[in-house]
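The structure appears right after this line, and notes come after that.
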Amino acid sequence: MEGILIIVVLLIIAGLVYVGLRDDRSRDPLQERLAKFAGDVETPESLEQIELSLPFRDRVLLPLLRRLADLVVRFTPEKQLEQTRHQIELAGLAGSMEPATFFALRIGATIGLGLVAFLVFFVLSSNPNALLYTAGGAALGYFFPVLWIKSKISKRQESIVRALPDALDLLTICVEAGLGFDQAMGKVYEKWDNDLAVAFGRVLREIQLGKMRREALKDMSDRMDVPDVTAFTAAVIQADQLGVSMTKILRVQSDQMRVKRRQRAQEKAHQAPVKMMIPMVLLIFPSLWIVLLGPALVFLLESGVMGRF
């Protein structure tokens with residue numbers, strides 16, 4: 001029980017460290033401070049005064065972590081950098097996180113959880129296994145960002161798989177109504193707000209910038225790593241190259257995705273009894289035995305019958 005409590009506390013601390021140290025590239029702290037001073041009556045005297053007014057995290061902590069991350073990136077193999085960049089793209093964080101930021105997050109979490117574990121088990125409680133717990137906290141901080149990004153990838157892929165059949169239905173309806181394939185993807189991007197629609201919007205922007213449609217679709221498939229999306233993009237690319245009617249391809253793909261969705265639902269339904277067996281055996285059956293056989297056992301103990309055995 002004590003070990004479980006320690007693990008829960010360390011996970012909560014890891015989450016707080018991530019929230020406190022995350023690098024939000026969607027905003028510029030300096031511009032926000034400039035806008036704040038622009039609205040005030042008093043004008044700052046110099047840029048140094050504005051920089052000193054920034055929080056300690058933005059002035060010292062994040063730049064230090066970025067420098068450490070850049071130093072780590074210099075000695076990191078290019079293959080590992082590409083794998084990290086690919087994982088960030090799979091998680092849908094390509095616009096808000098770079099490999100250097102991810103490494104900075106891992107360094108910060110490792111140092112932070114290691115220090116917390118050292119203070120808790122060595123300074124405060126003087127535990128004889130303090131060094132072991134400190135190493136465990138540092139290891140947890142090092143692997144926690146990896147687990148977090150894998151969780152993001154899994155959730156994004158599940159969201160794409162759920163949204164793909166309905167998206168194909170909408171694409172089929174739009175193409176049958178007379179729209180082109182690119183315009184139909186634009187309709188999906190306009191009507192929906194999910195990961196698949198955002199990916200379609202990125203494909204359209206890449207096509208507008210001059211990239212060929214098959215290359216943009218292939219890159220979208222690589223950024224998702226979902227077998228259903230790969231099959232769909234391969235069918236569209238083949239239809240585009242061979243001149244096959246796009247309406248027929250989309251209709252066939254839509255029917256296949258609906259069949260796959262039904263098969264997945266049936267598979268989960270067949271797995272339900274097996275998954276329910278564990279809580280039934282460990283939680284429900286013992287409670288039933290206590291409720292049903294408990295009074296009988298008490299009666300036997302009071303009557304002295306059990307003493308004969």
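Here is how the numbers come out for the structure above:
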{"quantity": "Candidate set from segment 121-155 (those that are touching a residue at least 12 places away in the same chain (Cβ under 8 Å) and β-branched (Val, Ile, Thr)); member that is surrounded by the fewest Cβ atoms within 10 Å (Cβ to Cβ)", "calculated": "Val146"}
{"quantity": "Options Arg66, Arg85; residue that is out of contact with any Gly (no Cβ under 6 Å at 6 or more places or on another chain), at pLDDT below 80 and among the charged types (D, E, K, R)", "calculated": "Arg66"}
{"quantity": "Filtered residue count, segment 88-105, keeping only those that are part of a loop (DSSP other than H, G, I, E, B) and out of contact with any Asp or Glu (no Cβ under 9 Å at 6 or more places or on another chain)", "calculated": "4"}
{"quantity": "Residue in segment 198-219 that is aromatic (Phe, Trp, Tyr), at pLDDT below 90 and outside the structural domain of Gln87 (by TED's automatic domain parsing) present", "calculated": "no"}
{"quantity": "Among the candidates Ile249, Ile237, residue that is surrounded by fewer than 18 Cβ atoms within 10 Å (Cβ to Cβ), assigned by TED's automatic domain parsing to the domain that holds Pro165 and in contact (Cβ under 8 Å) with a residue 12 or more places away in the chain", "calculated": "Ile237"}
{"quantity": "Enumeration of residues in segment 173-196 that are charged (D, E, K, R) and surrounded by fewer than 16 Cβ atoms within 10 Å (Cβ to Cβ)", "calculated": "Glu176, Asp182, Glu190, Lys191, Asp193"}
{"quantity": "Near pairs, Cβ below 7 angstrom, 6+ apart or cross-chain, from segment 91-106 (assigned by TED's automatic domain parsing to the domain that holds Gly141) to any residue that is assigned to a loop (DSSP other than H, G, I, E, B) and among the hydroxyl-bearing types (Ser, Thr, Tyr)", "calculated": "Ser96/Ser26"}
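The values are calculated or read from the model by the stated rules, or taken from the named source; none is laboratory data. Only a predicted model underlies this, so the values are computations on that prediction, with no experimental measurement involved. Every residue, glycine among them, receives a Cβ derived from its backbone with ideal geometry; neighbour counts consider all protein chains shown.
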